[in-house]
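Read through the structure below, which is laid out as structure tokens, and then see the notes.
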Amino acid sequence: QELLTSSGSPFLLFMIVFIIAADYVKNRRPSGFPPGPWALPIVGNIFTVDFTRTHETLTQLAGKYGDVYSLRMGYNWIVVLNRSAVLKEALVTQGDSMADRPQLPLPLEMTHGRGMIFTNGHVWRQQRRFALSTLRYFGFGKKSLEPVILDEFTHCAEDFLFNCEGKPFDPHLIMNNVVSNIICSLVFGHRFEYSDEKFQKLLGMLDDEHHRNIPHVSDSDEIGCSPQ
């Protein structure tokens with residue numbers, strides 16, 4: 001037993017050093033990346049950010065490393081932008097460089113890089129062109145779309161808005177019903193009543209699935225200026 005213990009300790013030490021060295025070589029800060037705090041092996045800057053006050057921590061780091069800096073969360077490198085002028089420069093002036101979306105595992109497995117939502121570049125432009133030409137066939141951008149929208153708004157006002165009696169209400173459910181019925185009218189030539197249980201169940205399932213598939217979108221008040 002003592003022999004196994006004595007021979008196992010150097011091997012364990014070697015494995016720890018090897019894993020740390022391999023992590024450093026594979027996941028070190030890319031060349032030309034913005035500066036940022038030193039990242040720990042394996043976990044990166046997870047302990048650098050106080051996630052109970054994320055926006056304050058990121059602002060403090062911007063004061064030290066500048067309005068454009070980088071962090072490593074696990075194996076992923078991220079770039080943090082601070083101040084509205086920097087955001088405008090990145091998202092508007094250089095919008096083409098920021099046009100892509102993050103490669104989330106579940107959507108990537110479902111779409112295999114296809115579709116209008118999770119693609120970018122040449123493939124996205126081709127699919128967008130096809131989608132717009134198809135939508136124009138159904139009346140998108142034409143006067144023929146206006147009666148469908150007005151008719152649905154009439155049903156919405158009669159079934160929802162008039163029953164609110166001036167009280168506050170959650171517009172999320174209303175918008176889901178209205179938009180879904182407009183799409184159904186254009187594609188299938190049929191709308192569903194708001195009292196249709198199957199229709200409401202389907203909308204609820206789609207809404208639940210949307211929230212499950214996008215866990216990185218938080219309902220919390222991250223910047224202290226909007227209600228939950």
TODO: With the Cα gyration tensor of the range 138-213 in hand, convert its eigenvalues to equivalent ellipsoid semi-axes via √(5λ) and list them largest first in whole Å.
DONE: 21, 18, 11
Open item on the list: Which one, GLY189, CYS156, VAL178, projects farthest toward the positive side of the charge dipole computed for the range 138-213 from Cβ point charges (K/R +1, D/E -1)?
Closed with: GLY189
- [ ] Work out the charge dipole of the range 2-99 with +1 on the Cβ of Lys and Arg and -1 on the Cβ of Asp and Glu about the Cα centre, then indicate which of PRO37, ALA62, ASN76 is farthest towards its positive end.
- [x] ALA62
Task: Cα-centre dipole for the range 138-213 with unit charges at Cβ (Lys and Arg positive, Asp and Glu negative), debye to 20 - done: 280
Task: Sum of side-chain charges, PRO35 neighbourhood, beta-carbon under 14 Å (Lys, Arg +1; Asp, Glu -1) - done: +3
Task: Size of electric dipole in the range 2-99: Cβ of Lys, Arg +1 and of Asp, Glu -1, about Cα centre, debye, nearest 20 - done: 160
Open item on the list: Given Cβ point charges of +1 (Lys, Arg) and -1 (Asp, Glu) and nothing else, what value in debye, to the nearest 20, does the dipole of the range 50-157 about its Cα centre take?
Closed with: 340
TODO: Report the relative contact order of the range 2-99, percent, no decimals, based on alpha-carbon pairs under 8 angstrom and at least 6 residues apart.
DONE: 22
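We did not get these values from a lab; they are worked out from the coordinates using the rules stated. All figures in this text were calculated on a predicted structure; none of them were measured in a lab. As a convention, Cβ positions derive from the backbone with ideal geometry for all residues, glycine included, and neighbour counts pool all protein chains shown.
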